[in-house]
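Below is one structure, written out as structure tokens; the observations come after it.
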Amino acid sequence: MTPPDGSIQDGLIDTAKRVLPGGTFGNLPGDVVIREGRGARVWDEDGREYVDFLLGSGPMLVGHAHPEVTAAAQARVAQGTTFFANNRWGIELAEAIVAAVPCAEQVRFVSTGSEADLYAMRAARAYTGRDKILKFEGGYHGMSDYSLMSLAPKRSANFPVAVPDSAGIPKSLRDEMVIAPFNNADTVESLVKEHRDELAAIIVEPFQRIIPPQPGFLKALRRITAENGILLIFDEVVTGFRLAYGGAQEYYGVEPDLCTLGKVIGGGFPLAAIAGKTGIMQHFNRDAVGEDRFLMQIGTLSGNPVAAAAGIATLEILRRPGAYEQIHATGRELMATLRQLLAEAGLKAQVIGEPPLFDVVFAPDPITDYRGMLKADTALMRRFNGLLRERGILKGEQKYYVSLAHTEDDVRFTREAWASAIKVLAS
Ligand SMILES: Cc1ncc(COP(=O)(O)O)c(C=O)c1O
């Protein structure tokens, strides 16, 4: 529907408000409707162009509509889009994951990161015969009832009490989750000792949202879990194939027992995975572990050939010499530029993260955990993001995703947009 003033986007926004709760798919506010993307640029329905740091919330690490990824997906589409049965592309993608990711000996495909995290926790319970999972305050592991605990609590509870983040979560599940502060190994150690007979695993984003692990933190988690006979799960839905080809476990040099993957491995299509040691992954195999210890898991689109082919093409591009050096160099330049512009304007801010994924936090002190993030000026952040949108920068609320497709021109454009927006903020 095109309104009288001719804005296609406004017409779609009106329709969305009628047919979608809140006028959105739930991910971003519905005030922008994206029509297409190419490389590191996207265009809205009225043809406005943006430098894209959203990257579809992360999957488009090699850029939108990469010709090789597009060709790989199109070839599969022409030959049938889903079979439920095993297919060559799913098998070959699993082989590529096993070759790349240190902890991955076997792989089970699902369609979303939320499912992957749910099944990774279930696998830990099946393997250990215990129920509880320790997660970190502020850590995101998708939308399951178990994961949506203490992701973004408005009021802090005493550790290790879990605070459900959503209506509709059974109260009884709170007791199945043990909550700890990120980057605080001493607290983790004492909680694990206290609950060791009940704990199946620790699940952690090795790089939590945009907060890097403090030196030694992930190694401490590895030691504590090993000493107490519980599993360590890295949620690598974001970090997998992004921080390095082998993910955060390669980048930070700590190997978990299980990990979850998503985003990049589907090449922009719905595909995610649980990967890990064979002894644990065998719980997905009834013949290996027997009826009582078998972990039930089925999904209509699991190992979908179009998604798997797009994932394989994406990984092939990322394996080329210089790919990660380029992503990191672009990210380093962007982080340094933003830091400098904010400092010159006298704004109290931290630019935190790793080069492929970072953002500014308007807070005076260094940030190491969720409670540190709570001290940030979020109104200022929203204003900055709004000013940047007006200046042709598309990003999420609290993340710049950097891609292989971002060019020097994109960096220049971004610097100008930052400089202009910061001038307004500082005035
Ligand atoms: C660390 C992490 N885990 C899990 C998920 C859930 O993945 P999905 O949105 O595919 O369900 C996300 C999504 O952003 C994520 O960032």
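Laboratory data are not the source of any read-out in this text; all were calculated from the coordinates shown. Computed from a predicted model, the values in this text were never measured in an experiment. Reconstructed Cβ throughout: ideal geometry from the backbone, glycine too, with neighbour counts over all protein chains shown.
With an 8 Å Cα cut-off and a minimum separation of 6 or more residues, compute the relative contact order for the chain in percent.
Averaging sequence separation for qualifying contacts and normalising by length gives 21 percent for the chain.
Go ahead and collect, in residue order, the members of region 239-275 whose backbone nitrogen is under 14 Å from a label point 7 Å along the Cα-Cβ direction of Lys219.
Hits in region 239-275 for Lys219 at 14 Å: 252-255.
I want to check a number: in region 110-251, how many lysine pairs have alpha carbons closer than 19 Å, given a sequence separation of 8 or more or different chains?
Taking region 110-251 as the scope, the lysine pair count is 8.
By the gyration tensor of its Cα atoms, with a ≥ b ≥ c the square roots of the eigenvalues, what is the shape of region 137-249: rounded for a/c under 1.5, prolate for a/b over b/c, or oblate?
Judged from the Cα gyration tensor, region 137-249 comes out oblate (a/c at least 1.5, b/c at or above a/b).
Using 0.36 nm per residue, how much length does the chain from Ala167 to Ala426 gain when fully extended, once their Cα-Cα distance is taken away?
89.4 nm
What distance in nm separates the two pseudo spin-label positions at Arg415 and Ala152, each 7 Å out from Cα along the beta-carbon direction?
3.3
Near Lys423, which lysines are there with a Cα under 28 Å away, not counting those fewer than 8 places off in the same chain?
Within the straight-line cut-off, Lys423 pairs with Lys348, Lys375, Lys395, Lys399.
For Glu95 and Gln74, what does the FRET efficiency come to when R0 = 25 Å and r is the distance between their Cβ atoms, rounded to the nearest 0.05?
0.65
Arranged from highest to lowest average of other beta-carbon atoms within 10 Å per residue, in what order do the peptides 101-111, 70-80 appear?
In descending order of packing, they fall as 101-111, 70-80.
Going 7 Å from the Cα of Phe84 in the Cα-to-Cβ direction, what parts of region 282-308 have a backbone nitrogen less than 13 Å from that spot?
What the label zone holds, given the 13 Å backbone N cut-off, is 298-302.
Which whole-number percent gives the relative contact order of region 252-388, counting Cα pairs below 8 Å spaced six or more residues apart?
Normalised by residue count, the contact order of region 252-388 is 14 percent.
Which residues among region 216-251 fall inside the zone where the amide N is under 20 Å from a point 7 Å beyond the Cα of Arg319, along Cα→Cβ?
From region 216-251, the list is 240-251.
Go through 19-26, 175-182, 8-15 and give me the packing order, highest mean Cβ count within 10 Å leading.
With the highest mean Cβ count within 10 Å placed first, the list reads 175-182, 8-15, 19-26.
Suppose R0 equals 25 Å. What FRET efficiency, 1/(1 + (r/R0)^6) with r the Cβ-Cβ distance, do Asp186 and Gln398 give to the nearest 0.05?
It comes to 0.35.
If packing is taken as the average number of other Cβ atoms within 10 Å across a peptide's residues, how do 272-284, 378-390, 128-140 rank, most packed first?
272-284, 128-140, 378-390
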